[in-house]
Each structure stands twice: as structure tokens, then as C-alpha cells.
1. Going through the range 253-280 one residue at a time, which ones are away from ligand 2 (no atom under 16 Å from the Cβ) and surrounded by 23 or more Cβ atoms within 10 Å (Cβ to Cβ)?
2. Please enumerate the residues belonging to the range 110-135 that are acidic (Asp, Glu) and more than 16 Å from ligand 1 (Cβ to nearest atom).
3. Tell me which of these Gly176 doesn't satisfy, since it passes every other one: (1) near ligand 1 (Cβ under 9 Å from one of its atoms); (2) open to solvent by 30 Å² or more (accessible area, probe 1.4 Å).
4. Out of everything in the range 1-35 that is of a type in the set (Gly, Ala, Ser) and over 18 Å from Ser82 (Cα atoms), what residue ends up being surrounded by the fewest Cβ atoms within 10 Å (Cβ to Cβ)?
5. Anything in the range 56-77 that is open to solvent by 50 Å² or more (accessible area, probe 1.4 Å) and either in a helix (DSSP H, G or I) or aliphatic (A, V, I, L, M) (or both)? List them, or say none.
6. Run Glu154 past the list (1) outside any helix (DSSP H, G or I); (2) within 22 Å of His117 (Cα to Cα); (3) of a type outside the set (S, T, N, Q); (4) open to solvent by less than 50 Å² (accessible area, probe 1.4 Å) and report the number of the one that doesn't hold.
7. Taking the range 115-144 as the search range and keeping residues that are in a strand (DSSP E or B) and away from ligand 2 (no atom under 14 Å from the Cβ), which one is nearest to Arg328 (Cα to Cα)?
8. Scan the range 165-179 for residues that are among the charged types (D, E, K, R) and closer than 20 Å to Leu136 by Cβ and jot them down.
Amino acid sequence: MTRLLLAIETSCDETAAAVVDEDLTVRSSIVASQVDLHAAFGGVVPELASRAHIEMITPIVERALVEAGVDGPQLAGVAVTSGPGLVGALLVGIATAKSLALGWGVPVVSVNHLEGHLASVYLADPAVAFPQVALLVSGGHCMLTRATAPGRYELLGETVDDSIGEAYDKVARFLGLGYPGGPVLDRLALEGADVLDFPRPMLAEGYTFSFSGLKTAVVNYVCADPGFSETDVAASFVAACMDVLVTKLRRALREFGDPALAIVGGVAASPILRARAQALADEFRTQLLIPPQSMATDNAAMIGVAGWHKLAAVGPSDSAFGPEPDLRLRFV
Ligand code: KG4
Ligand code: ZN
């Protein structure tokens, strides 16, 4: 019988559970977004997030199990995000995973959320090539790595200030467009034109990113010109972000000549980024690895995939683990 893993993700504002089998087929994936809860505040309110996770986690796990047609004790284990993320939010997922695993008599495996995103490419195509130039672009991170084998990463560079998703969210909040900013700015960008001369920060600087100055440039422009065009601001901001990402990716593909380019994290849901990434992959004749659009933002299926990888590589986790809000990727 195929072995099944229950995966739980509660690191930020999505309460998610999934059942993933050993062949990395997703048997169920349930995501309860708290977007409506936080929208009024223009960003995630940690205490509200923790409370909402507590309310949602049991029904979400139940639904994932029912949809997959599996009972807890039949599982091969429970995978759960242990960090990075909001401490109270992580705690809800970890406490749930540990108590369910204990009650069912199955092992538990802690998963790094960033490894989950990097593993999300398997959700689109299990034939994943290495080495990869792998870009992680989310609300919390903007990091360029080289994945040399499953679970083995070299850091090429990361942001010195805001992540790209954070810049999207802050610009959108400033424009009164609500939270999260990515999808709405993308939509407006497609209706506008890249006519405003926003900076492309750190273009010449290797693999280091910076988005805070670009965000400030947008805010300054909007303050100075009350008659600004929202769609042109969106198009010009998104174009500046994309130019930065594509420049760094092109540099890495040129330097390493890797057979695969992976783009993961919430911003990988962007149709604009997806199109630019595909064009780049075509240019370098490299395989584009990108999760399905619905699996780019936080979900538990990617935690299940990373959980299987970790189980195979190092086995179950010691049950003493706790939340690690600042957990980093391990670079080897
Ligand atoms: O990976 P994720 O769900 O959470 C973190 O791990 O941070 O990423 C969330 C981020 C938010 O900043 C959101 O604005 C951005 O991903 N995002 C997008 C799109 N959908 C979500 N950014 C650009 N275009 C999108 N369509
Ligand atoms: Zn994430």
C-alpha cells in the first residue's frame, strides 16, 4: 500500500493541511486563507493569525484526511512547518502535529518552510533536474540559491532589506489597494504602461537584492503627483521588480550554466513573473521549474513533499523540536 504523509502549515496567515503520498502525488490539499481577517490592517496581525489558526486547524486537518480517504493511524507520519514564521502561528501547527502523531502512534517530521517552497516545484513535475538556479521570492524572503541536489543549497545572495513580496504589499497598502498586494498590483500592471522611471536597485551588485529604495521611490512619486495613474505606477513598479529579478537570474544562468531554473514562493504566482521566467528558460534552453500557480503561495502540499525528502534523508524528528521563527536554510 502506498504510504501517506499528513502535512500541516501554519507559519503565517494560511491554515493548511494536505495528504501527500510517497510518490509525491497530492491526495488532498486544503488551504484556509486569513486574508479577509488581516486585510483591514494592511498586513498580518500576529495575534489574530494565531487565534484563527487555533479555530481552523482541526476542521482543516479533518477535511484533508476525509478527502484523501485515510485514517490517522494509517499514515506514515505527520510533517509540520517548524519555521521560519510567526512564533504563535507556528506553535499551533506544531502542537497539533505532535499531539495527532502521538495519539496515532506515527512519527512526526519538522520541515523548514523555505525547503517547502523549494520543494513545491515537484508539485508541477516530479522530473526535477539538478543543479538548479533557484529563486525564492515570497512575503518574507528574496533569496537566490543554487540547489545542487535535493536538500543541498548554496546561497548566492539575498535581500539586504525588504523581500519583494513585502515591497508589493507595502506599495499596495500605500495606494490603498488592500492586502496582499501582489495579485492586485499584477492585475493593475497589465492595464498600465512602464512609463515611470523607477530605480532598479543593486542591478550591478552580484546576487544581492534591495527593494526598500524602490518602494520609497514609488511612494515619493505618488506623493508628488496627486494625478498619478494607478495602472502606470503598478506597471512601472512591477517592471522594475522584474528587471531586477531577471538580471540576477540571467547572471546566475550565465555563470553556472545549470540545466534547471526554479522559481518558488508566493510571488511565483505572478503571471508576469511566470512569463518572464519562461522566456529566460527558453533563452538559456534550461528547464523551468515552477509550482502550479495555486501552490506558489503558502500551502501544506509543499510541506508534505519536503517532509518526504527529509524522512528519506534523515528520518523522523525528535519530538522535542519547537517553533523556530528565524530558521534559515542550511547551506552546504
Ligand atoms: O509564499 P507566501 O504565500 O508567504 C510567505 O512565505 O511569505 O508569499 C506571500 C507573498 C505576498 O507578499 C504576496 O503579495 C505575494 O506573495 N503574491 C504575489 C502574487 N500572489 C501572492 N506577488 C505577485 N503576484 C502575485 N500574483
Ligand atoms: Zn511561504
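The values are calculated or read from the model by the stated rules, or taken from the named source; none is laboratory data. Computed from a predicted model, the values in this text were never measured in an experiment. Reconstructed Cβ throughout: ideal geometry from the backbone, glycine too, with neighbour counts over all protein chains shown. Surface accessibility is based on the protein's heavy atoms, side chains included, excluding ligands, DNA and RNA. Shrake-Rupley method; radii C 1.70, N 1.55, O 1.52, S 1.80 Å.
1. Going through the range 253-280, the residues away from ligand 2 (no atom under 16 Å from the Cβ) turn out to be 253-261, 271-272, 274-280.
Within the range 253-280, Leu261, Ala277 qualify.
2. Residues of the range 110-135 acidic (Asp, Glu): 115, 125.
Once the filter is applied, which keeps residues that are acidic (Asp, Glu) and more than 16 Å from ligand 1 (Cβ to nearest atom), the range 110-135 yields only Asp125.
3. That leaves (1) as the condition not met.
4. First, pick out the residues of the range 1-35 that are of a type in the set (Gly, Ala, Ser): 7, 11, 16-18, 28-29, 32-33.
After this cut, where a residue has to be over 18 Å from Ser82 (Cα atoms) as well, the list is 28-29, 32-33.
Working: Ser28: 21, Ser29: 23, Ala32: 18, Ser33: 16.
If we take residues in the range 1-35 being of a type in the set (Gly, Ala, Ser) and over 18 Å from Ser82 (Cα atoms), then Ser33 is surrounded by the fewest Cβ atoms within 10 Å (Cβ to Cβ).
5. The initial filter retains those residues of the range 56-77 that are open to solvent by 50 Å² or more (accessible area, probe 1.4 Å), namely 56, 58-59, 62-63, 66-67, 69, 71, 73-74.
Of everything in the range 56-77, those that are open to solvent by 50 Å² or more (accessible area, probe 1.4 Å) and either in a helix (DSSP H, G or I) or aliphatic (A, V, I, L, M) (or both) turn out to be Met56, Thr58, Pro59, Glu62, Arg63, Val66, Glu67, Pro73, Gln74.
6. (4)
7. The initial filter retains those residues of the range 115-144 that are in a strand (DSSP E or B), namely 132-137, 142-144.
Applying the additional criterion that residues be away from ligand 2 (no atom under 14 Å from the Cβ) yields 132-134, 144.
Values: Gln132: 19, Val133: 18, Ala134: 16, Leu144: 13 Å.
So, considering only residues that are in a strand (DSSP E or B) and away from ligand 2 (no atom under 14 Å from the Cβ), the one nearest to Arg328 (Cα to Cα) is Leu144.
8. Restricting attention to the range 165-179, the residues satisfying the condition of being among the charged types (D, E, K, R) are 166, 169-170, 173.
Listed by number, the residues that qualify are Glu166, Asp169, Lys170.
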